[in-house]
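Input: a single structure, listed below in structure tokens.
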Amino acid sequence: MKKEAMVIIIYVFISIFYSGYGFAGDPVSVFVSIPPQKQFVQQIGKDLVDVQVLVEPGADPHTYEPKPQQMAAISKAKLYFAIGVEFETAKLDKIVSTNPKLKVIHTDHGIQKIPMDAHHHHEEIEHHETDMHHGQDHEEKHDGKGLPDPHIWLSPSLVMIQARTILNALQEMDPGNSAVYEKNYNTYISDLTKLDQDLKNTFSGNPGLKFMVFHPSWGYFAHAYGLEQIPIEIEGKKPKPSQLKELIEHARENQIRVVFAQPQFSAETAKLIAKEIHGEVIFIDPLAENWSDNLRQVAIKIKAALRP
Ligand SMILES: [Zn+2]
């Protein structure tokens, strides 16, 4: 009896403590577009944030359609971190107009985008200022030659820029915990710096290493580590037979052994090329939620993709 009474007293005490004084306030409810962003926000917000991802695992962020229950969940969120992926162009306006209190932060702000790799001949990467953070100049067809490459989450140095934007937004939303966010951010930046250095080391002996991939998600990654991405998709479409023949020749000439595919797209064309070069198809996921571990694994796979 005595023990039960004690439990009740403790329970009542805890309830009063939490509700009355808001000592352990509710975490800031945050929405992000794609799974890797969840890690970015969590590293800075830790248990002060509750992060939900809009584009579900396995779904394609170019064409995603949010579900009605997700739209309802967004109405309870305080912050939305947009990253400039294609479906945002079509959906963000609606999300904002139905949730006027929701604050949308564009984490591609301040990032210079490179044009999408559109065909397999290496071209000089041209830097140009593009202000894509409102998605206004995003055309419907993606991956066309010269269109800005949206895959800015696949380079640690670009994630550092996004981390700063995330930090600023969390501090503004929840100024009471400003110092905590700052501390977490600093730790995260050191982690990202280490990751970047490790990846540089991984590829330091392979300047200009070429890898073939169906959908050209890895442009920034390739750019950061001195690699060359050879996309199979041409302007967002499967290659025509003549282009396919050219790709197969190109793969043979370059000692390519592995053709990369990603879970969100069909691997059919990749399989066809792999068969022709007596190679294999390996999946690498640009949208994995365990972002940093995934990037390390991808690096190992890309490094091993050439014939010895
Ligand atoms: Zn893509």
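The values are calculated or read from the model by the stated rules, or taken from the named source; none is laboratory data. Keep in mind it's a predicted model, so treat the numbers as computed, not measured. Here the Cβ is made from the backbone with ideal geometry for all residues, glycine too, and neighbour counts use every protein chain on show.
Annotations for the structure displayed:
- Counted residues, segment 77-110 - those being within 16 Å of the ligand (Cβ to nearest atom) and either free of Cβ contacts under 8 Å to residues at least 24 places away in the same chain or under 16 Å from the mean Cα position of the chain (by Cα) (or both): 9
- Residue match in segment 290-298 (condition: closer than 19 Å to Gly58 by Cα, of a type in the set (Val, Ile, Thr), surrounded by 20 or more Cβ atoms within 10 Å (Cβ to Cβ) and within 16 Å of the ligand (Cβ to nearest atom)): yes
- Condition check for Val49: surrounded by 20 or more Cβ atoms within 10 Å (Cβ to Cβ), modelled with pLDDT of 90 or more, more than 18 Å from the chain's Cα centre (by Cα) and not hydroxyl-bearing (Ser, Thr, Tyr): yes
- The residue pairs whose first member lies in segment 38-62 and is on the phi > 0 side of the Ramachandran plot and assigned by TED's automatic domain parsing to the domain that holds Leu79, whose second member is more than 16 Å from the ligand (Cβ to nearest atom) and not aliphatic (A, V, I, L, M), and whose beta carbons are closer than 6 Å, counting only pairs six or more residues apart or on different chains, are Lys46/Asn184.
- With respect to (1) within 16 Å of the ligand (Cβ to nearest atom); (2) assigned to a helix (DSSP H, G or I); (3) free of Cβ contacts under 8 Å to residues at least 60 places away in the same chain, the lone exception for Ser190 is condition (1).
- Residues within segment 30-78 that are in a strand (DSSP E or B) and of a type outside the set (Asp, Glu), tallied: 7
- Annotation: of all residues in segment 200-238 being touching a His at 6+ places or on another chain (Cβ under 7 Å) and away from the ligand (no atom under 11 Å from the Cβ), the one that is farthest from Leu306 (Cα to Cα) is Ile234.
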